[in-house]
Amino acid sequence: MSTIKTVGVVGAGQMGNGIAHVCALAGYDVLLNDANPARIDAGLETIRKNMARQVGRHLITPAEMDAGLKRISQAPKLASFEACDLVIESVVEEVEAKKKVFADLHESLKPTTILASNTSSISITGLAAKTDRPDKFIGVHFMNPAPVMKLVEVIRGLATSQETYDTSIAFVTSLGKTIANAEDFPAFIVNRVLVPMINEAIYTLYEGVGSVEAIDKAMKLGANHPMGPLELADFIGLDTCLSIMQVLYEGLADSKYRPCPLLVKYVEAGWLGRKTQRGFYDYRTDPPTPTR
């Protein structure tokens, strides 16, 4: 198997900085990149705050936090990824955006570097086919938030080699994560089950069956869910939920995956959930108040 020592992460947003955080604490050198350099600074500050929270909860020691932070370097240019043994893409859930990342990486990587996508729904085989190394391409879908959630879905593309798979399994295991192997079908396992449930909750709101508060309360107290589906949608990001539903609807051609028109309307309005301060709840108030 290939030896992984240095990991590049493309995308310093919610998922990207979480992945960088986990890798650094596991002892890997991490290069953090984003198309917007300001987001790298913001991502590093988020990592610092999240590690400090872990120290406060006695999950890691101050020394482990200091060592982890020192392992993360800013990488404003993809050219600095030439030292990476593994590069994990974690940009917006759009096919063309991800393909552009892999195209831009082409000239910067050594031949042995493994490419991985943190996509939550898009075809690994399709993304791999647009690179110069489909045999060294794999899906590693971290759950959100990556430092907290225990699961990583590992998805082989049609051309993924056994060596790439074995190396990726060893890498994910070294992070202290539990692996679920998923076949390369739209949305894999978790989001194939989860996001249609969220979409159905939005239909339940859209059709007037229940209010935002009633739907979330019903699922928390009636189904023992830790978070209501509309609150969870806001946490994930309504744009991401819509992208996943569109991948399912287009990829499986089944009307049961049709995105709810209300979800589409919220995304059109730019009400994407927590990250924009408004979604099914308005987070500018304390406590957050339903917007419908």
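Out of curiosity, is residue 10 closer than 16 Å to residue 172 by Cα and surrounded by 18 or more Cβ atoms within 10 Å (Cβ to Cβ)? Give the steps one after another, and end with the answer.
Numbers: closer than 16 Å to residue 172 by Cα: no; surrounded by 18 or more Cβ atoms within 10 Å (Cβ to Cβ): yes.
Criteria not met by residue 10.
Residues in the stretch 95-132 that are small (Gly, Ala, Ser) and in contact (Cβ under 8 Å) with a residue 40 or more places away in the chain were compared, and the one that is surrounded by the fewest Cβ atoms within 10 Å (Cβ to Cβ) is 123. Residue pairs whose Cβ atoms lie under 7 Å apart, separated by 6 or more positions or on different chains, with the first residue in the stretch 264-292 and over 19 Å from residue 228 (Cα atoms) and the second surrounded by 17 or more Cβ atoms within 10 Å (Cβ to Cβ), are 264/242; 267/238; 267/239; 267/242.
Just name the residue that is surrounded by the most Cβ atoms within 10 Å (Cβ to Cβ) out of those in the stretch 243-292 that are in a loop (DSSP other than H, G, I, E, B) and of a type in the set (A, V, I, L, M).
272
Filtered by the rule that a residue be touching a strand residue (DSSP E or B) at 6+ places or on another chain (Cβ under 7 Å) and in a loop (DSSP other than H, G, I, E, B), the stretch 119-148 gives 119, 120, 131, 133, 143. Residue check: is residue 163 closer than 20 Å to residue 179 by Cβ and over 12 Å from the mean Cα position of the chain (by Cα)? Yes, satisfied. Just one of the numbered conditions (1) surrounded by fewer than 18 Cβ atoms within 10 Å (Cβ to Cβ); (2) modelled with pLDDT under 95 is not true of residue 170: (2). Looking only at the stretch 81-97, residues that are under 15 Å from residue 244 (Cα atoms), among the β-branched types (Val, Ile, Thr) and more than 11 Å from the chain's Cα centre (by Cα) come to 1 in all.
Has the stretch 157-175 got at least one residue that is in the same structural domain as residue 122 (by TED's automatic domain parsing) and among the charged types (D, E, K, R)? Checked the stretch 157-175: at least one residue is in the same structural domain as residue 122 (by TED's automatic domain parsing) and among the charged types (D, E, K, R).
The values are calculated or read from the model by the stated rules, or taken from the named source; none is laboratory data. In this text the structure is predicted, and so the values were computed from the model without any measurement. In this analysis, Cβ positions are derived from the backbone assuming ideal geometry, glycine residues included, and neighbour counts consider all displayed protein chains.
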